[in-house]
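Structure first, then comments.
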Amino acid sequence: EPEVTQTPSHQVTQMGQEVILRCVPISNHLYFYWYRQILGQKVEFLVSFYNNEISEKSEIFDDQFSVERPDGSNFTLKIRSTKLEDSAMYFCASSGSVNSPLHFGNGTRLTVT
Amino acid sequence: SQKIEQNSEALNIQEGKTATLTCNYTNYSPAYLQWYRQDPGRGPVFLLLIRENEKEKRKERLKVTFDTTLKQSLFHITASQPADSATYLCALDLRGNAGNMLTFGGGTRLMVKP
């Protein structure tokens, strides 16, 4: 069964550094998402992406964050100037249509020190 | 403000029994509600989706009900097994759209004892 893959599984970075989290969505899906989950808390929506542009974003997704689909298979989340509070599990997801269920990857655990 | 709530306490049941998990939401009526399973250190896995015009949905040992008057969904696992032990999340688009800007509940941790 096709799956969403994320790399790396764990990323440690120093405060103020930039990180790029990578995702390969399911190949025939058109909608892509990033969610995050701070340890012990709820899964939170960050951004959705369709047709090479952001379609929705939450209040969390401020100017520090950006997303890109640099080629036909990858979908990336860039976090500039990381802060301690950015430490979380970041999940990529994809779906075939806007109202079909999400397929999540197993996440990248980001630790900012 | 809009919110979605699940019983944060863990649910412990004996193998073979039926587990019932509750999801309550406020304000807007969503077009549909989704249930996901999450294992420790893993991403959520989709289980079932129920639409606003559906009262009940089944998939193998799973059953979901959706009461838009009570603003509540119940998630049942019949003949539970230790392998069903996980955290179960409900999620919906609180804007009422049929979209995927999902708000997740905090999840209910289910422990099935052999």
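So how strong a dipole does the protein assembly as shown carry about its Cα centre when Lys and Arg Cβ are +1 and Asp and Glu Cβ are -1, to the nearest 20 debye?
In total the dipole reaches around 520 debye.
Among the GluC sites (Glu not before Pro) within the range A:28-98, which fall in a DSSP loop and have no more than 11 other Cβ atoms within 10 Å of their own Cβ?
A:59
How crowded by other chains is B:41-50, given as the mean number of beta carbons from other chains within 10 Å of each beta carbon?
Across B:41-50, the average partner-chain Cβ count within 10 Å equals 5.
Find which of B:21, B:34, B:47 sits farthest along the positive direction of the dipole of the range B:4-113, computed with +1 on the beta-carbon of Lys and Arg, -1 on that of Asp and Glu, about the Cα centre.
Of the candidates, B:47 comes out farthest on the positive side.
Return the average number of partner chain Cβ atoms within 10 angstrom of each residue Cβ along peptide A:106-113.
Mean number of neighbouring Cβ atoms from other chains: 1.
Using θ = phi - 60° and the Karplus relation 6.51 cos²θ - 1.76 cosθ + 1.60, list the HN-Hα couplings for the range B:60-75 in order, rounded to whole Hz, with x at every Gly or Pro.
Calculated HN-Hα couplings, in order: 6, 8, 9, 9, 10, 10, 9, 10, 6, 6, 7, 6, 8, 10, 10, 10 Hz.
To the nearest 20 Debye, how big is the dipole of chain A about its Cα centre, given +1 on the beta carbon of each Lys and Arg and -1 on that of each Asp and Glu?
Once rounded to the nearest 20, the dipole reads 200 debye.
When ranked by the protection proxy of mean other Cβ atoms within 10 Å per residue, highest first, what sequence do the peptides A:19-31, A:87-99 form?
A:87-99, A:19-31
On a 26 Å Cα-Cα criterion, which of the cross-link pairs A:57/B:59; A:42/A:78; A:78/B:71; A:42/B:63; A:57/B:3; B:3/B:57 come out too long?
A:57/B:59; A:78/B:71
For the range B:9-16, what does the Karplus curve 6.51 cos²θ - 1.76 cosθ + 1.60, with θ = phi - 60°, yield as ³J(HN,Hα) per residue in whole Hz, taken in order and with x for Gly and Pro?
Those phi angles translate into 6, 5, 10, 10, 9, 8, 3, x Hz.
Placing unit charges on C-beta atoms (Lys and Arg positive, Asp and Glu negative, everything else neutral), compute the dipole magnitude of the range A:1-55 about its Cα centre in debye, rounded to 20.
That gives a dipole near 140 debye.
Report the local net charge at residue B:12: Lys and Arg +1, Asp and Glu -1, summed over other residues whose C-beta lies under 13 Å from its C-beta.
With Lys, Arg at +1 and Asp, Glu at -1, the neighbours total 0.
Where a number appears in this text, it was derived from the coordinates with a stated rule and is not lab data. From a predicted model like this one, the values you see are computed outputs, not experimental measurements. Glycine gets a Cβ as well: all are built from the backbone with ideal geometry, and neighbour counts include every protein chain shown.
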